[in-house]
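Scroll down for the structure; my scribbles are underneath it.
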Number of protein chains: 2
Amino acid sequence: MRERPSSPPRSAARPTTLSVDLVVIGPQAGSLAVLLTRAAESRVRERWTLPWDAPRGEEALGDAATRLARATLGTAPGTPEQIRAFGDNRRHPGDAEVSVGFFALVPEVERRLPDGGPAWFGRANLPTLAPRHRAIVDAAFDAVRDRLDQTPLAFQLLPPTFTLTELQAIYELLLDRPLHKASFRRALQAAYLVEPTEEWRSEGRGRPAQLFRYAPHKRRDNRRGVRFDLLTG
Amino acid sequence: MRERPSSPPRSAARPTTLSVDLVVIGPQAGSLAVLLTRAAESRVRERWTLPWDAPRGEEALGDAATRLARATLGTAPGTPEQIRAFGDNRRHPGDAEVSVGFFALVPEVERRLPDGGPAWFGRANLPTLAPRHRAIVDAAFDAVRDRLDQTPLAFQLLPPTFTLTELQAIYELLLDRPLHKASFRRALQAAYLVEPTEEWRSEGRGRPAQLFRYAPHKRRDNRRGVRFDLLTG
DNA sequence: GACTTTAGTATCACCGCGCTACTAATTCGC
DNA sequence: GCGAATTAGTAGCGCGGTGATACTAAAGTC
């Protein structure tokens with residue numbers, strides 16, 4: 001179990017085939033959907049793939065992800081966030097040895113696409129993807145869930161104004177569990193995250209809902225004790 | 001702001017120089033220390049670097065990080081965890097275009113090293129590192145702090161048995177803020193994470209402390225509401 | 001105009017958290 | 001010896017956030 005520390009290894013950067021792969025997530029009919037593109041090259045086994053490409057020249061990884069998002073959507077979503085690097089031996093459509101995954105979130109209203117190109121697939125109805133792409137998609141949803149209470153990701157999935165019921169529905173989708181209405185609103189109020197507009201939206205039956213916008217105000221630094229009850233593993 | 005979605009880009013994985021870079025962290029005299037190796041090659045500007053190398057052949061990224069840790073320490077720490085990929089244009093000692101950072105944690109007792117090789121540096125007294133290595137070190141500490149309440153990382157920085165005061169000190173080091181003793185222990189007790197041994201350790205003055213070991217037992221699934229008070233940005 | 005549906009609020013009990021204050025067991029100084 | 005100092009560990013209190021039930025408000029449906 002214990003080895004002699006050998007002479008320090010002569011490190012060298014080795015040329016490696018690299019890709020940047022993007023998971024665009026948007027709400028769709030009460031679920032979450034992922035944007036996939038048609039695999040052009042015939043040698044690729046699966047019909048659909050995540051948008052991906054290699055960074056060009058001196059292009060930074062995040063810039064490559066942004067370029068991919070623009071090229072695929074025709075519009076700019078929020079800045080893509082990195083998930084992590086995937087460098088096991090699972091197969092990649094372009095046979096990249098290492099892939100760096102990113103996710104980007106778009107509100108429902110931005111999901112107009114030309115025919116014959118990319119298309120949305122509900123999370124539960126994804127077609128078969130290359131194994132590495134499958135892993136990147138799963139990791140994307142995990143990453144969004146994990147970062148949900150550190151970063152205001154939920155608002156990227158909503159239009160500029162929204163009802164509190166819509167906001168709660170987004171949280172429930174991302175967390176995959178129901179939330180308590182009164183508690184949700186109380187916590188939201190206490191954080192000064194949203195402000196009401198003058199508009200109300202009447203959607204079919206029932207009382208109209210007031211529209212809110214994301215407007216983070218005063219932030220109380222809220223450093224709490226340690227949580228031991230979330231430990232996994 | 002809006003572009004026509006051009007014809008789908010012809011994606012291709014491009015050869016890129018890649019490195020795996022490791023941040024080994026261990027407690028040292030009431031602070032945290034990082035393991036650095038002497039830069040062998042003269043063309044490298046800085047005298048010290050993080051241990052790094054390119055993955056070999058079909059080697060997975062995590063396996064390369066484990067190999068680096070063994071080669072540098074002469075012993076196996078816990079499995080290294082990935083931080084993320086670093087692909088901006090900050091300079092890397094081996095001029096890698098993309099670097100994948102990992103961190104590994106070792107308890108104090110494992111930090112015996114031969115002379116003339118790698119050495120420990122306190123977090124506050126790090127020598128000048130290549131800009132990308134500096135960024136990886138900072139990201140490593142952030143990642144450990146962020147994952148502290150999801151993963152039992154703190155116990156990797158302690159020997160198999162430890163006192164509760166030592167455990168609390170590790171948490172305070174990683175979080176960089178003081179914690180309340182009574183609250184810390186109450187939360188720990190409620191999580192059934194540790195169990196007492198029969199041993200007590202008398203360390204200089206004061207009442208001896210009981211030794212505990214990490215032994216996670218019954219886990220109550222504790223799904224709580226949403227936190228809005230941690231949002232940054 | 002009663003019923004249904006959805007939005008939003010009030011109230012209460014509980015529990016986790018931070019705080020202060022206390023007890024317990026050891027070493028140090030004289 | 002014996003009290004002071006030092007460190008370990010616990011008890012009790014009050015505040016505030018959480019989740020539950022139950023309520024009011026405003027719209028559509030028949």
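The values are calculated or read from the model by the stated rules, or taken from the named source; none is laboratory data. Bear in mind that the values here come from a model prediction, so they are computed numbers and not experimental data. Glycine also receives a Cβ, built like all others from the backbone with ideal geometry; neighbour counts cover every protein chain displayed. Only protein heavy atoms, including side chains, enter the accessible area calculation; ligands, DNA and RNA are left aside. Shrake-Rupley method; radii C 1.70, N 1.55, O 1.52, S 1.80 Å.
Values as computed for the structure displayed
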| item | result |
| --- | --- |
| Full-stretch length increase - A:ALA119, A:SER202 - with 0.36 nm per residue and alpha-carbon distance subtracted | 26.8 nm |
| Under 15 Å from the B:GLU172 label point (7 Å along Cα→beta-carbon), backbone N, the range A:196-233 | A:225-226 |
| Distances in nm from A:ASP88 to the matching label points in the other copies, shortest first (labels 7 Å along Cα to Cβ) | 3.1 |
| Chain B: most fluctuating residue of B:LEU188, B:LEU148, B:LEU164 per GNM, C-alpha cutoff 10 Å | B:LEU188 |
| Length-normalised contact order of chain A in % [C-alpha pairs under 8 Å, at least 6 apart] | 18 percent |
| Average accessible surface area per residue within the range A:18-147, 1.4 Å rolling probe, Å² | 40 Å² |
| With all protein chains modelled, accessible area of B:ILE170 [1.4 Å, Å²] | 10 Å² |
| Selection from B:LEU164, B:PRO77, B:ALA29, by position along the positive dipole direction of chain B (Cβ) | B:LEU164 |
| For the protein assembly as shown, size of Cβ-based charge dipole, Lys and Arg +1, Asp and Glu -1, in debye | 700 debye |
| Cβ-vector label at 7 Å, A:GLN150, separations to other copies in nm | 0.7 |
| Shielded residues, the range B:48-90 - accessible-area loss of 40 Å² or more between chain alone and all protein chains, probe 1.4 Å | B:TRP52, B:GLU58, B:LEU61, B:ARG70, B:ALA71, B:GLY74, B:GLN82, B:ALA85, B:GLY87, B:ASN89 |
| Length-normalised contact order for the range A:158-214 - Cα pairs under 8 Å, 6+ apart - percent | 43 percent |
| Sparsely packed trypsin sites (Lys or Arg not before Pro) within the range A:182-227, loop by DSSP, other Cβ within 10 Å at most 16 | A:ARG205, A:LYS218, A:ARG219, A:ARG220, A:ARG223, A:ARG224, A:ARG227 |
| Whether the range A:18-147 is rounded, prolate or oblate, judged on the alpha carbon gyration tensor where a/c under 1.5 counts as rounded | rounded |
| Dipole magnitude of chain A, debye to nearest 20 (Cβ charges: Lys/Arg +1, Asp/Glu -1, about Cα centre) | 580 debye |
| Per-residue SASA entry for A:THR79, accessible area with 1.4 Å probe, Å² rounded to 10 | 110 Å² |
| Teacher prompt: B:HIS217 distances to equivalent labels in other copies, 7 Å Cα→Cβ, nm | 4.7 |
| Label zone at A:GLN210, where the point sits 7 Å out along the Cα-to-Cβ direction: the range A:176-195 residues whose backbone N lies under 19 Å | A:181-195 |
| Top of A:GLY26, A:GLY204, A:GLY117 by mean-square fluctuation, Gaussian network on chain A, Cα under 10 Å | A:GLY204 |
| Per-residue [θ]222 nm for the protein assembly as shown (sum of -39500 (n - 2.57) over DSSP H runs n ≥ 4, rounded to 500) | -7000 deg cm²/dmol |
| For the range B:105-159: rounded, prolate or oblate by the Cα gyration tensor [a/c cutoff 1.5] | oblate |
| Within a Gaussian network of chain A (alpha carbon springs, distance under 10 Å), most fluctuating of A:GLN28, A:GLN168, A:GLN189 | A:GLN189 |
| Tilt relative to chain A, helix A:131-147 - C-alpha long axis, 0 to 90 degrees, to 10 | 40 degrees |
| Length-normalised contact order of the range A:18-147 in % [C-alpha pairs under 8 Å, at least 6 apart] | 35 percent |
| Rounded if a/c under 1.5, otherwise prolate or oblate - chain B, Cα gyration tensor axes | oblate |
| Test item: Cα-centred dipole of the range A:88-200, Lys/Arg +1 and Asp/Glu -1 on Cβ, debye | 320 debye |
| Crossing angle, helix A:164-175 versus chain A [Cα axis fit, 0-90 degrees, rounded to tens] | 30 degrees |
| Percent carbon-and-sulfur accessible area, the protein assembly as shown, ignoring ligands, DNA and RNA, probe 1.4 Å | 48 percent |
| In degrees, nearest ten, helix A:61-73 long axis to first principal axis of chain A (Cα) | 60 degrees |
| Overall Cα dimensions of the protein assembly as shown, principal axis frame, Å, largest first | 74, 52, 36 |
